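Scroll down for the structure; my scribbles are underneath it.
The values are calculated or read from the model by the stated rules, or taken from the named source; none is laboratory data. A quick note: this is a predicted structure, and the numbers were derived from the prediction, not measured. Glycine also receives a Cβ, built like all others from the backbone with ideal geometry; neighbour counts cover every protein chain displayed.
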Protein chains: 2
Amino acid sequence: MATTQTTKEKVKQTAQKLFRERGYAAVGMRELAKEVGIQAPSLYNHYKSKDDLLREICFDMAQYFFVAFDKAVTTEEKSPRKLKAVIKAHISVIATNLEASEVFFNEWMFLEQPHLGKFKKLRFEYEMKFREIIDKGIKKGDFKKMNSKLIAFAIFSALNATYELYRSNEKLSQEEIAEDISDLLLKGLKS
Amino acid sequence: MATTQTTKEKVKQTAQKLFRERGYAAVGMRELAKEVGIQAPSLYNHYKSKDDLLREICFDMAQYFFVAFDKAVTTEEKSPRKLKAVIKAHISVIATNLEASEVFFNEWMFLEQPHLGKFKKLRFEYEMKFREIIDKGIKKGDFKKMNSKLIAFAIFSALNATYELYRSNEKLSQEEIAEDISDLLLKGLKS
DNA sequence: GCCATAAGCTAACGGTTGTTAGCAAAAGAA
DNA sequence: TTCTTTTGCTAACAACCGTTAGCTTATGGC
């Protein structure tokens, strides 16, 4: 990076890395501090608490997802293309925030109240935005008549695990992943 | 339950419940013991360590998946039906071991060596069994020519998240879930 | 130069962690 | 019965937890 990094940024980035690698509960403040290159109490000059750190990571990610979705949803009209657009947007957010994404997906449960409740609400709203596209597509006849909750859920599962793909040996481009997964979901595996 | 439960069984079951609810690292031995109704040191009459408990939960589940797969894979011949059969088997294992499944999927990373390595190897082997069915299906022309690694991965993601469905409000039967998900994956969403 | 703020440090707090030692009671086998 | 094994208990250890207090040093604005 050409841009120099503030200590606060370094703390956040290091926390993302460690929380992802070993889980929020298993990472201590002293360990985090050591990785950053400062002493543990100095962390509190930048974040109020360990939970505060997790909160920032998770809610920043939530915002990225919402912004990307809203931007994508307006670009297309027909249901299949619209769905493909938001799938691409979703995958793109994951790809550009790989470590934070994993924290977002796997460690949010360690958020304390009231942030935990707020987070769940946001997540539900986001899922409903996806589901709405599917429901409208079914109503318009663009999609088969299926249990939309179940389908939306399956799509989500596939998308939210894409971060694992980026970590695998084979180098797959973001385009390739988005293209193949939306193809699979729209047209199916059968020839 | 009509069958009386040994203390060891109760420890395991309670551990599954707590590990799932709050994560392996966040659950203490004293808390686990309290839930079981004994003192913390008494746990060590049944399990050598906290890791030992996690190990048993994870490796038992691994075995269930392997057994169910091998049983299912022989029942069908044609690729799409074979894939559907193993999908059903996989979902069935999850459905009958709901809490242990979540621990299996989300907490395995806390296994210590050498069990962690062994676990990863088992998981990879299992994924390859799935992928093999897909590859053969592609070769025989039953499936579209697609990036099989990516596809196998997407299928897995959808399957492995089904435990969330059972926890949702709407009551969905195992049959319904297996049927709809394999339909989606085989035929796609598009009408 | 002066002052305020930011950002680091050491020492230490009360509490919790997984685990062991050592002992007692219960259960089962002979 | 007597012996062994199992299963429980209390007490405790060393290590670690997130966090605070209080102090020093560097930084940036005026």
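Before we move on, is A:Ile177 within 18 Å of the chain's Cα centre (by Cα), within 24 Å of B:Asn106 (Cβ to Cβ) and assigned to a helix (DSSP H, G or I)?
So A:Ile177 fits the description; yes.
Has the stretch B:147-169 got any residue that is facing chain A (nearest Cβ under 8 Å), out of contact with any Leu (no Cβ under 7 Å at 6 or more places or on another chain), more than 22 Å from B:Ala100 (Cα to Cα) and not acidic (Asp, Glu)?
Looking through the stretch B:147-169, at least one residue is facing chain A (nearest Cβ under 8 Å), out of contact with any Leu (no Cβ under 7 Å at 6 or more places or on another chain), more than 22 Å from B:Ala100 (Cα to Cα) and not acidic (Asp, Glu).
Quick check on the stretch B:135-146: of everything there that is assigned to a helix (DSSP H, G or I) and surrounded by 17 or more Cβ atoms within 10 Å (Cβ to Cβ), which residue is farthest from the other protein chains (Cβ to nearest Cβ)?
B:Asp135
Among the residues of the stretch B:13-36, are any over 22 Å from A:Ala25 (Cα atoms) and in contact with a Ser or Thr (Cβ under 9 Å, 6 or more places away or on another chain)?
Yes: one or more hits.
Among the numbered criteria (1) part of a helix (DSSP H, G or I); (2) over 23 Å from A:Ser182 (Cβ atoms), which single criterion is violated by B:Lys84?
Here B:Lys84 clears every test but (2).
Criterion first (within 11 Å of chain B (Cβ to nearest Cβ), aromatic (Phe, Trp, Tyr) and over 18 Å from A:Lys78 (Cβ atoms)) does A:Phe119 satisfy it?
no
If a residue has to be away from DNA strand C (no atom under 12 Å from the Cβ) and either within 14 Å of chain B (Cβ to nearest Cβ) or assigned to a helix (DSSP H, G or I) (or both) to count, how many in the stretch A:33-51 make the cut?
Applying the first criterion (away from DNA strand C (no atom under 12 Å from the Cβ)) to the stretch A:33-51 yields A:35, A:48-51.
Filter once more, so that each one left must be either within 14 Å of chain B (Cβ to nearest Cβ) or assigned to a helix (DSSP H, G or I) (or both): A:35, A:50-51.
Residues flagged as away from DNA strand C (no atom under 12 Å from the Cβ) and either within 14 Å of chain B (Cβ to nearest Cβ) or assigned to a helix (DSSP H, G or I) (or both) within the stretch A:33-51 amount to 3.
Determine whether A:Phe65 is more than 16 Å from DNA strand C (Cβ to nearest atom), surrounded by fewer than 18 Cβ atoms within 10 Å (Cβ to Cβ) and modelled with pLDDT of 95 or more.
Details: more than 16 Å from DNA strand C (Cβ to nearest atom): yes; surrounded by fewer than 18 Cβ atoms within 10 Å (Cβ to Cβ): no; modelled with pLDDT of 95 or more: yes.
Answer is no for this residue.
Return the residue satisfying two criteria in turn: it lies in the stretch B:1-30 and is within 14 Å of another protein chain (Cβ to nearest Cβ), touching a residue at least 40 places away in the same chain (Cβ under 8 Å) and more than 12 Å from DNA strand D (Cβ to nearest atom), and of such residues it is nearest to A:Met109 (Cα to Cα).
The selected residue is B:Gly23.
Filtering the stretch A:124-134 down to residues that are touching a residue at least 40 places away in the same chain (Cβ under 8 Å) and surrounded by fewer than 17 Cβ atoms within 10 Å (Cβ to Cβ), which residue is nearest to the other protein chains (Cβ to nearest Cβ)?
A:Tyr126
From the list A:Leu111, A:Leu150, pick out the single residue that is in contact with a Cys (Cβ under 7 Å, 6 or more places away or on another chain) and either crowded, with 20+ Cβ neighbours inside 10 Å or over 25 Å from A:Thr74 (Cβ atoms) (or both).
Result of the check over A:Leu111, A:Leu150: A:Leu111.
Quick check on B:Ala33: is it small (Gly, Ala, Ser), under 29 Å from A:Ala154 (Cβ atoms) and either out of contact with any strand residue (DSSP E or B) (no Cβ under 9 Å at 6 or more places or on another chain) or surrounded by fewer than 20 Cβ atoms within 10 Å (Cβ to Cβ) (or both)?
It is false that B:Ala33 is small (Gly, Ala, Ser), under 29 Å from A:Ala154 (Cβ atoms) and either out of contact with any strand residue (DSSP E or B) (no Cβ under 9 Å at 6 or more places or on another chain) or surrounded by fewer than 20 Cβ atoms within 10 Å (Cβ to Cβ) (or both).
It is to be established whether one or more residues within the stretch B:93-110 are within 11 Å of chain A (Cβ to nearest Cβ), in contact (Cβ under 8 Å) with a residue 12 or more places away in the chain, closer than 24 Å to B:Ala15 by Cβ and not in a helix (DSSP H, G or I).
The answer is yes, given that some residue of the stretch B:93-110 is within 11 Å of chain A (Cβ to nearest Cβ), in contact (Cβ under 8 Å) with a residue 12 or more places away in the chain, closer than 24 Å to B:Ala15 by Cβ and not in a helix (DSSP H, G or I).
When the residues of the stretch A:46-57 are filtered to those that are in contact (Cβ under 8 Å) with a residue 12 or more places away in the chain, within 13 Å of DNA strand D (Cβ to nearest atom) and not charged (D, E, K, R), which remaining residue is farthest from A:Leu116 (Cα to Cα)?
Top of the filtered list is A:His46.
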